[in-house]
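Asks: Structure provided below as structure tokens; questions to follow.
What follows is calculated from the coordinates using simple rules that are stated; it is not laboratory data. Not measured: the values here are computed from a predicted model. Using ideal geometry, Cβ is built from the backbone for each residue, glycine included, and neighbour counts are taken over all protein chains shown.
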Amino acid sequence: MECCKNNNHNGLLPVSTVRKVLIVEDHKPLRSLLSFLLGNAGYDAVETPDARTALDEARRQPPDLVLLDWQLPDMDGIRLLRHWRSEELTARVPVIMMSGQARESDRVTGLRAGADDYLAKPFGKDELLARVQAVLRRSGSQREPDGDIRQCGEIAIDMRSLRVMAGGRPVHLGPIEFKMLNLFVTQPDRVLSRAQIIDRVWRVNAHVDDRTVDVHIRRLRRALADGGQDGCIQTVRGVGYRLARVTATAAPQADEANDERRAAADRP
């Protein structure tokens, strides 16, 4: 059975329309707000608090667009932008510079350093989304998200209502399982380690360990079982998990048993 298809039946969007936006902002409340707004608008928002982690993330998987704060704790945004423009991998990635400085000279400095646009803080939600869409549109090779549905085969996530359908049936998920499924759907066939899942789902929760990930994977599989989609979440031995395009008949039961043994250590 194929779990993931790049089709557009029933008016649902294929996963390929989701665009990754890298947020480089050291102020956590603002960073979280930007991530929330972009996520609700259909983007895959990735948060980084400083230049070092932003460099690592961009090398690992170049984003479709960067929201870059001018003032960072380890390197100013202008220097980071110039570094990205000097590297072939990131030279053409669109960048919107964000700064509390609204002077014309500051805007000119940012644009001359290679920024595609400049946002002066504070700015509103509508202006943010309009500038993101405009920059992606001008970049030529990028497409802005044109709907609120993320789909992978028989699994569909409505990002506006936060509803999930699997095999034509509604699926009721907790917040952690919802974030997990959204992560998998935006990156089908990619193997995600437990550490990567923790970073993208829990972000900064230092009390989360590998066994906790297994507990929530087990819950996610059980929630998808009514729609016959539990087998799409596959265990990759010694690495982590992936949302697979093709599932083997025996794979769900074997994976569930192994994860049950891991999860037992989490229970009192």
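Asks: Could you tell me the calculated FRET efficiency between residue 126 and residue 211, based on Cβ-Cβ distance and R0 = 45 angstrom, to the nearest 0.05? If you can, show how the numbers build up before the last one.
Replies: Working: r = 43 Å, r/R0 = 0.95.
Computed FRET efficiency for residue 126 and residue 211 comes out at 0.55.
Asks: With a 10 Å radius around each residue's Cβ, average the other Cβ atoms per peptide and rank 62-69, 194-201, 87-94, highest first. Please report the intermediate quantities before stating the final value.
Replies: Numbers: 62-69: 24.1, 194-201: 18.1, 87-94: 14.0.
Ranked by mean Cβ neighbours within 10 Å, highest first: 62-69, 194-201, 87-94.
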